Amino acid sequence: MNSPERYRATYSFAPIDRLVRREFYIWGEAIERWKGEGLPDDYDQQNLFGFDPPGMVEAGLGMGWCEPPFVPGYEDKVVRDEGSTEIIQDSSGRWLRVFKGRRHGFMPDYIKHPVTSLKDWEEEVRPRLDAQDERRYARLDERCTAARVSQERDATMVRQGMVGGYMYLRALMGPEDLLYAFVDQPDLIHAMMRQWLEIMDAGLQRIQERVQLDELAIGEDICYNHGLLISPDMVREFLLPYYQQVVRSARARQKRHLYFYVDTDGWCVPAIPLYLEAGMEVMMPFEVASGCDVVQIGRQYPDLVMCGGIDKRVLAAGPDAIDAHLQHIIPPMLQRGGYIPMCDHGVPDDVSFENYMHYRRRMCEMDH
């Protein structure tokens, strides 16, 4: 099987020659550490980790992932120097306190977010989310043409990612203020979600005029280590109607089957039935530190395509722990089908090069 065939078979629970070989992502800091431990500079060209060639390509429209797709974005600048830390404004209009010279690998202190009231939303923020702003689509023809050529020539799957509604709202208001707003400012929440719907639907329509999609993915992060951050009733009131409309419209615009993919960290099991109502068929990354066990969840939801579930902490613990972890997961999930093993988030820099190479070798020995 080639990569696109393996992806399609995995998504449809058809027979496969082996599991898809890929990774969620690897921290740049981990790569730098590994180079000091023997990783050659041309590791990509050697395919040292044994990854498959891409079986899926991006349609390429900027529709956000962790942040809203602002056009134009806010100015990225230093607001205040505090010595060892500084307050910066990022391209999403948020003020963050970060360590000077370091903006990755830790949780920043969020000082403020762009929306505090309906006035902020209407006057400053909403104009940056204009679905008809042609600057959004400046390179769309070029990118969709490349995706369509790959799809037609190699049967490659075509994917479009977009910011999920909860992630979008959280970036606009901040995690704490958003929770109050669901109760105190429901009209504002719905106004922002109507704009989310408009911009996502308009973008997908433009893409689908140029290429048919195989996967529509949202970055959501609506769970923490004890489950949903808002109640199921709030999900159904403020999120699901908008998701259902976007997915229904996108699927109606094409003949090719369109998979709906949800990415949320944390203990995701309480979210699964809700997102199934929205049309979800694929989910990731099943964070083990939050209690997710892909074997157990896979038995509970046998028709759900699952990606992730490999504990990033175990990769730092050494060969014996890695072997035991993979023995628990790979044989039953290989038999179940519909599974792509990946680290349950980015591979961090506490994982040694030796341990990661052991993990990749053992995975390739067990995945068929």
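How much of the DSSP beta bridge set in the chain is antiparallel, as a percent to the nearest 5? Roughly 40 percent of the beta bridges in the chain run antiparallel, per DSSP. Note on the chain: the C-alpha convex hull projects to 18.8 nm² when averaged across all orientations. Once you sort the root eigenvalues of the Cα gyration tensor of the stretch 164-316 as a ≥ b ≥ c, which label holds: rounded (a/c under 1.5), prolate (a/b larger than b/c) or oblate (the other case)? Oblate, because a/c is 1.5 or more while a/b does not exceed b/c. The modelled label-to-label distance between F13 and D41, using points 7 Å beyond Cα along the C-beta direction, is 4.9 nm. Please label the shape of the stretch 4-150 as rounded, prolate or oblate, based on the square roots a ≥ b ≥ c of the eigenvalues of the alpha-carbon gyration tensor (a/c under 1.5 means rounded; beyond that, a/b larger than b/c means prolate, else oblate). Taking the square roots of the gyration eigenvalues as a ≥ b ≥ c, the stretch 4-150 is oblate. Rounded to the nearest 20 debye, the dipole magnitude of the stretch 76-126 is 200 debye, with +1 charges on Lys and Arg beta carbons, -1 on Asp and Glu beta carbons, and the Cα centre as origin.
Normalised by 2.2 N^0.38 Å, where N is the number of residues, the C-alpha radius of gyration of the stretch 67-207 stands at 1.23.
Straight-distance candidates among the lysines for linking to K35, with alpha-carbon spacing under 20 Å and chain neighbours fewer than 8 residues away dropped: K312. Charges were assigned to the Cβ only: +1 to each Lys and Arg, -1 to each Asp and Glu. The resulting dipole of the chain about its Cα centre is roughly 860 debye. Fewest neighbouring Cβ atoms within 10 Å first, the residues H226, H113, H190 line up as H226, H190, H113. Taken one residue at a time, the phi angles of the stretch 152-169 give Karplus couplings (6.51, -1.76, 1.60, θ = phi - 60°) of 6, 7, 10, 6, 5, 6, 10, 10, 10, x, 7, 5, x, x, 5, 4, 4, 5 Hz. Gly and Pro are set to x.
When the square roots of the Cα gyration tensor eigenvalues are ordered a ≥ b ≥ c, the ratio a/c for the stretch 220-298 is 1.5 or more and a/b does not exceed b/c, which makes its shape oblate.
Looking at the stretch 295-340, none of the trypsin sites (Lys or Arg not before Pro) sits in a DSSP loop with at most 11 other Cβ atoms within 10 Å of its own Cβ. Straight Cα distances below 17 angstrom link K112 to the lysines K77, with same-chain residues fewer than 8 positions distant left out. With 0.36 nm allotted per residue and the present C-alpha distance subtracted, the E354-E23 stretch has 117.5 nm of extension available.
Rounded to the nearest Hz, the phi-derived 3J(HN,Hα) couplings of the stretch 333-345 under the Karplus curve 6.51 cos²θ - 1.76 cosθ + 1.60 (θ = phi - 60°) are 6, 5, 5, 5, x, x, 9, 10, x, 8, 4, 6, 5, where x marks glycine and proline. Going by neighbour counts of Cβ atoms within 10 Å, the residues E237, E215 line up, fewest first, as E237, E215.
Computed extension gain for E198 through D130, at 0.36 nm per residue and net of the alpha carbon distance, reaches 23.6 nm. A cut-off under 12 angstrom between Cβ atoms defines the neighbours of E287, and their net charge, with Lys, Arg +1 and Asp, Glu -1, is -4. What spacing in nm lies between the two simple spin-label points modelled at D187 and R80, each 7 Å away from Cα in the Cβ direction? The two pseudo-label positions are separated by 3.4 nm. Put the Cα centre of the stretch 234-312 next to the Cα centre of the stretch 24-70 and the gap is 23 Å. Computed extension length for Q245-A321: 22.9 nm, one decimal, from 0.36 nm per residue of separation with the Cα-Cα distance subtracted. Loop-resident trypsin sites (Lys or Arg not before Pro) (DSSP state other than H, G, I, E or B) in the stretch 74-151 with no more than 14 further Cβ atoms inside 10 Å of their Cβ: K100, R103, R139. Less than 5 angstrom separates the built amide H of I340 from those of M306, C307, G308, all sequence-distant by 5 or more or on a different chain. Distance between the modelled labels on A252 and S117, one decimal in nanometres: 3.9 nm (7 Å Cα→Cβ projection). Taking 35 Å as R0, compute the FRET efficiency from the Cβ-Cβ separation of R102 and N2 and round it to 0.05. After rounding, the FRET efficiency stands at 0.30.
Per residue, the convex hull spanned by the Cα atoms of the stretch 31-95 amounts to 163 cubic angstrom.
Each value in this text was obtained by applying a stated rule to the coordinates, not by laboratory testing. This is a predicted model, so every value here is computed, not measured. Every residue, glycine among them, receives a Cβ derived from its backbone with ideal geometry; neighbour counts consider all protein chains shown.
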